[in-house]
Amino acid sequence: MKNLTRIAFVLLASFAIHNSQAQSGDSTLKGMNWRNIGPNRGGRSLGVAGSSKNKLEYYFGAVGGGLWKTTDGGLNWKPVTDGQLTSSSVGAVAVSETNPDIIYIGTGETAFRGNIMQGDGVYKSTDAGKTWKNMGLKNTQSISRVRIHPTNPDIVYVSALGHAFGPNEERGVFKTTDGGKTWNKVLYVNDKAGAEDLVIDPQNPEIIYASIWEVYRTPYKMWADVGTSALYKSVDGGANWKVISKNPGMPAVVGKVGVAVSPADGNRVWAIVESPEGGLYRSDDGGANWKLVNNERKLRQRAFYYSRIVADPKDKNTVYGLNVNFYKSTDGGVTFKTEIKVPHGDNHDLWIDPTDPTRLATANDGGGAVSVNGGLTWTDEDFPTAQLYHITVTKDFPYQVAGAQQDNSTVALPSEDYRHRAVRGNSTKPGMGFAYEVGGGESGYITQDPKNVDIFYAGSQGALLTRINRMTGQARDIQVYPRFFSGEEAKTLPERWQWTYPIVFSPVDPTVLFTCSQHVWKTTNEGQSWEKISPDLTYNDSTTLGVSGGVITRDMNGPEIYGTVFALAPSYQDVNIIWAGSDDGLIHITKDGGKNWENITPKDMPKNTRVSIIEASHFNAGTAYIAAKRYQMDDRTPYIWKTNDFGKTWTKIITGIRADDYVHAVREDITRAGLLYAGTEHGIWISYNDGASWESLSLNLPDVQVSDVQVTDKDLVIGTHGRSIYVLDDISPVRTKDAGMNAGLHLFKPYYAVRTVQKAVFHYFLDSTKKDLKIEILDAQGKLVNTFIGELAKAKKENGDADEDDEDRKPKPPTIKTGLNVFEWDLKYPAASNFKGMILWSAPVYTGPTAVPGNYQVRISSAGQVATENFEIRMDPRVKDVTIADMQEKFNLAIQIRDQVTVANDAVIKIRAIKEKLNEEAKANKKGLSKSLVSFIAAISQIEENLYQVRNQSSQDPLNFPIKLNNKLASLMRVVESGDYKPTDGSYKVFDELKAELAIQINQLNKILSQAKM
């Protein structure tokens, strides 16, 4: 399969936890696994918590990637909720102070961005995150805080903002006194206002502060009202509440409020208040009276996204302000002169150890990080929780995957290999490996120029559209209409550019590049000039193109620009056919290159449906598929339509998809018509019958939003909005399992392998666990290349267990298990013989020469059944200066060298067997060895020592004791096998020398044995 899996992403392999909520439709594909390729670059987190008792344990919630835990102070993190949550979004985290094994998490996201994700209530663990149980409040969707009573972990408070996109009753503040078995709503205003912040006074846990915020989103606007937004206080554990934001000193108009109470002095309360007279307000009498102590905008800008204030547990004058940057005040909030540098900006949460204020954990748009020195230094945020919008696979070999990461940059990284371009690091962690930016920014489409693989076009907010040459780094902004906009109503803009707008080449004419505002634009000169080829293809409804943000604070950026062409799909058959879909619910088609457009919107597509993806069929010009979503209208239903007649009629195709699993992307397989893939909010689905029915293809994936899907000749690639990028390798079983399988043993058609880069991967299905299984590789002439004997699964070794036989370096045998099995052949011929304890320096021990490109056959035998399939080994297409003849010459010499190594090793084996036999006989007759036998043993031992360095006991002993003939020959094979080139003249010369030296030793051995008649 993929070399990168074992080298660059070893850490990720430990994360492959089976997801019981996302199994495939049947058991046929159960042996396949999605492989995470990174990037190991964190995405947004809103909640973080640690333990004052377990000093090295911390948790952070990824808004699209579950809950992550570290047990070594933030050096390494792993997900602990995979397979146990039915929502990927964890927005709030709380650890019990009295029992750190008790953790509560609240799901859903309340940083009110356009891409916020919804949750399904509260989960609880009582074993430090090993197992989880949903404790209810499932319809809250967005939980902002979970607060555990400081001395009684059965008492928990939850602040729920509620549905982001519509009214609902399950919002406000909830309380449980029985560990989550039952909940009481203790603070509720109405079905449009929810609880945004919540704190408990540690000195008196009966005192609670909560802020209520009235806010909602639609696809075209965010709106925060002020009518019911307020700050509340309870002094009786939530039984009764009083508004304290109307008390003296507070501004008349209040929006979103963040609140903190000093653990050092319960009378001191801070509130970061959104208001025309907003800022940081402080009360020194428990909220009875307030004073504006700081009105700097750096603490309160973009209030809807930040508004967090955290009090130091020991010093009543120290308080932290979280916003784009991370600030600290030591004078009660009057000034924030100290800016704490964190790994990533946009700060949302801070946990401080109540017993040691130098221990901090932060949550920001890069994930979670830990500091043990008061914020002077922080741990890295190098985990795969990236939120991708769209991905593309490149035409490179091996292909790379490029995507735009929320709150970061674009990134392109290899699907495998490219080790030659990744510098070795002094770390056991995988890191980023080989990766690079491709222009654009955090939110855009990316496309590679089909004429030049080094050129990428990428977009981002504000209509940014760049053309970049990855080899030179030269980037050019080629916007259609480079009149920058920000903070403006969409209806005032001549061209409306969404946060994520299409950038796509024509599959038929590689000189034509398209992009979209409310119009479709085309360039044939790499963006030097653009031609508008459509009218406004949206509803252009002025009621959806107005002010966004709220009564107090506006926020009008790319996500709030509406009435745009959000999806574009040029035909694969006809350069003049283009499909276009808008974010407000219209579908158009042109069949004459843009001269005329026809409205072909499905009759059952409601207005304000966001057309997320249009997939033009690879096989039929009149066929297209639409993925659409209405979750921003508080409708989580999946929507996919198809047409086979250019949009004259449409059929909705969603049977089998989970009822609340709305769809982000739909793609057609590039090798088989009617084989479809759908990326949804909770995973990925597959249809074998052109959408008539669907089944899950999530396999080992956690619950995660699959925002985009790409199909290659061998693989399936997905971009997720919370867990980076995954590859499902060698999908022959996926593509063909519905065609039926042979009883007993079924061998799926293998794909090609590529010498030195891609192994040959064989998938075979067993109806039951067999007693025997054999895999044979044969060349084009039917000659046996290699044989592998199957083994039943062995118990996994404990981490750190030593293995004196070096089992980990030996080729893994085929598995014998009921269901799908996968065996990878490394394209190697059998290795030279070896013996127990053999230590060689800079030489292969368990692998032989690499097979030459050509046609091969795999034959699997089990329980009397035989299955065969042909496959091909190809040259690495990047290698231009090597011929097949060169590689055949290389192979011929490598085989000769291997055989000479075998001669040497067999001689050592033979000598040792003779000596063992003689010593056992002498021991048995109790007479000892005769003088002649002693001389004989000494003579053959001398030959043994000439063939192999017998004093080697550890891996680096060859640096102390000179290597002998078998090591020199084996090392020469490594030299010959390097690269794909034919052997050097020096290799032939050294081989002749070593072969002659070996012959002397073997002849001498044979002579001694002949004389001794052994």
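The table below lists the values:
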| read-out | value |
| --- | --- |
| Index of the failed condition, VAL310 passing every other in (1) under 31 Å from the mean Cα position of the chain (by Cα); (2) surrounded by 20 or more Cβ atoms within 10 Å (Cβ to Cβ); (3) aliphatic (A, V, I, L, M); (4) under 30 Å from SER229 (Cβ atoms) | (1) |
| Candidate set from the stretch 346-377 (those that are of a type outside the set (Val, Ile, Thr) and free of Cβ contacts under 8 Å to residues at least 40 places away in the same chain); member that is nearest to THR98 (Cα to Cα) | LEU360 |
| Pairs where the first residue, in the stretch 959-972, is closer than 11 Å to THR902 by Cα and the second is part of a helix (DSSP H, G or I) and small (Gly, Ala, Ser), C-beta under 6 Å, 6+ apart | ASN966/ALA904 |
| Hey, TYR948 open to solvent by 40 Å² or more (accessible area, probe 1.4 Å), among the aromatic types (Phe, Trp, Tyr) and in contact with a Leu (Cβ under 8 Å, 6 or more places away or on another chain) or not | no |
| Matching residues in the stretch 326-364 - criterion: being open to solvent by 10 Å² or more (accessible area, probe 1.4 Å), of a type in the set (S, T, N, Q) and part of a strand (DSSP E or B) | THR338, THR358 |
| Flag if THR379 is in contact with a strand residue (DSSP E or B) (Cβ under 8 Å, 6 or more places away or on another chain), in a strand (DSSP E or B) and open to solvent by 10 Å² or more (accessible area, probe 1.4 Å) | no |
| The stretch 292-317 residues that are in contact (Cβ under 8 Å) with a residue 60 or more places away in the chain and over 26 Å from MET222 (Cα atoms), paired with ones that are surrounded by fewer than 21 Cβ atoms within 10 Å (Cβ to Cβ) and of a type outside the set (Ser, Thr, Tyr) (beta carbon under 8 Å, 6 or more apart) | PRO313/PRO202; PRO313/ALA264; PRO313/ASP353; PRO313/PRO354; PRO313/PRO357 |
| Residues within the stretch 222-252 that are among the charged types (D, E, K, R) and in a strand (DSSP E or B), tallied | 3 |
| Any hit, the stretch 903-918, residues being modelled with pLDDT of 95 or more, in a loop (DSSP other than H, G, I, E, B) and surrounded by 16 or more Cβ atoms within 10 Å (Cβ to Cβ) | no |
| Among (1) surrounded by fewer than 24 Cβ atoms within 10 Å (Cβ to Cβ); (2) modelled with pLDDT of 95 or more - the single one GLY433 does not satisfy | (2) |
| Test result for THR126, open to solvent by 30 Å² or more (accessible area, probe 1.4 Å), over 34 Å from the mean Cα position of the chain (by Cα), under 26 Å from SER52 (Cβ atoms) and among the hydroxyl-bearing types (Ser, Thr, Tyr) | no |
| Residue match in the stretch 609-630 (condition: closer than 24 Å to LEU675 by Cβ, among the aromatic types (Phe, Trp, Tyr), more than 30 Å from the chain's Cα centre (by Cα) and open to solvent by less than 10 Å² (accessible area, probe 1.4 Å)) | no |
| Selection from the stretch 50-66 of residues that are not in a loop (DSSP other than H, G, I, E, B) and not aromatic (Phe, Trp, Tyr) | GLY50, GLY61, ALA62, GLY66 |
| Within the stretch 451-468, considering residues that are touching a strand residue (DSSP E or B) at 6+ places or on another chain (Cβ under 9 Å) and polar (S, T, N, Q), the one modelled with the lowest pLDDT | SER460 |
| Count of residues meeting criterion [open to solvent by less than 20 Å² (accessible area, probe 1.4 Å), part of a loop (DSSP other than H, G, I, E, B) and touching a helix residue (DSSP H, G or I) at 6+ places or on another chain (Cβ under 9 Å)] in the stretch 164-221 | 6 |
| Which listed residue is outside any loop (DSSP other than H, G, I, E, B), in contact (Cβ under 8 Å) with a residue 12 or more places away in the chain and either among the aromatic types (Phe, Trp, Tyr) or more than 30 Å from ASP881 (Cα to Cα) (or both), from SER1010, SER987, SER935, SER941 | SER941 |
| In the stretch 751-788, the residues that are within 34 Å of the chain's Cα centre (by Cα), open to solvent by 10 Å² or more (accessible area, probe 1.4 Å), touching a residue at least 60 places away in the same chain (Cβ under 8 Å) and over 16 Å from LYS812 (Cβ atoms) | TYR751, TYR752, THR756, GLN758, PHE765 |
| Qualifying residue in the stretch 387-408 (condition: in contact with a helix residue (DSSP H, G or I) (Cβ under 8 Å, 6 or more places away or on another chain) and either among the acidic types (Asp, Glu) or open to solvent by 30 Å² or more (accessible area, probe 1.4 Å) (or both)) | no |
| Residues being over 22 Å from PRO205 (Cβ atoms) and in contact with a strand residue (DSSP E or B) (Cβ under 6 Å, 6 or more places away or on another chain) - total across the stretch 137-151 | 1 |
| Output for the stretch 489-542, where each listed residue is open to solvent by 10 Å² or more (accessible area, probe 1.4 Å) and part of a strand (DSSP E or B) | VAL504, PHE505, TRP521, LYS522, GLU531, LYS532 |
| Any hit, the stretch 886-899, residues being surrounded by fewer than 15 Cβ atoms within 10 Å (Cβ to Cβ) and in contact with a strand residue (DSSP E or B) (Cβ under 8 Å, 6 or more places away or on another chain) | no |
| Number of the exception - ASP730 against (1) in contact with a Ser or Thr (Cβ under 8 Å, 6 or more places away or on another chain); (2) among the acidic types (Asp, Glu); (3) over 25 Å from MET117 (Cβ atoms); (4) surrounded by 24 or more Cβ atoms within 10 Å (Cβ to Cβ) | (1) |
| Selection from the stretch 467-525 of residues that are more than 19 Å from ASP536 (Cβ to Cβ) and aliphatic (A, V, I, L, M) | ILE468, MET471, ALA475, ILE478, ILE503, VAL504, VAL508, VAL512, LEU513 |
| Test result for ILE718, open to solvent by less than 10 Å² (accessible area, probe 1.4 Å), over 30 Å from SER45 (Cα atoms) and modelled with pLDDT of 95 or more | no |
| The stretch 850-865, residues that are touching a helix residue (DSSP H, G or I) at 6+ places or on another chain (Cβ under 9 Å) and either assigned to a strand (DSSP E or B) or farther than 15 Å from GLU776 by Cβ (or both) | THR850, VAL852, PRO853, GLY854 |
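Okay, residues lined up against (1) of a type in the set (Val, Ile, Thr); (2) in a strand (DSSP E or B); (3) more than 19 Å from TYR539 (Cα to Cα); (4) at pLDDT below 95:
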site	(1), (2), (3), (4)
VAL575	yes, no, yes, no
ALA580	no, yes, no, no
GLY585	no, no, no, no
ILE589	yes, yes, no, no
ASN596	no, no, no, no
ASP604	no, no, no, no
SER612	no, yes, no, no
PHE619	no, no, yes, no
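The values are calculated or read from the model by the stated rules, or taken from the named source; none is laboratory data. As the structure is a computational prediction, the values presented were derived from the model and not from experiment. Neighbour counts are summed over all protein chains in view; Cβ atoms, including those assigned to glycine, are modelled from backbone coordinates with ideal geometry. Heavy atoms of the whole protein, side chains included, go into the accessibility calculation; ligands, DNA and RNA do not. Shrake-Rupley method; radii C 1.70, N 1.55, O 1.52, S 1.80 Å.
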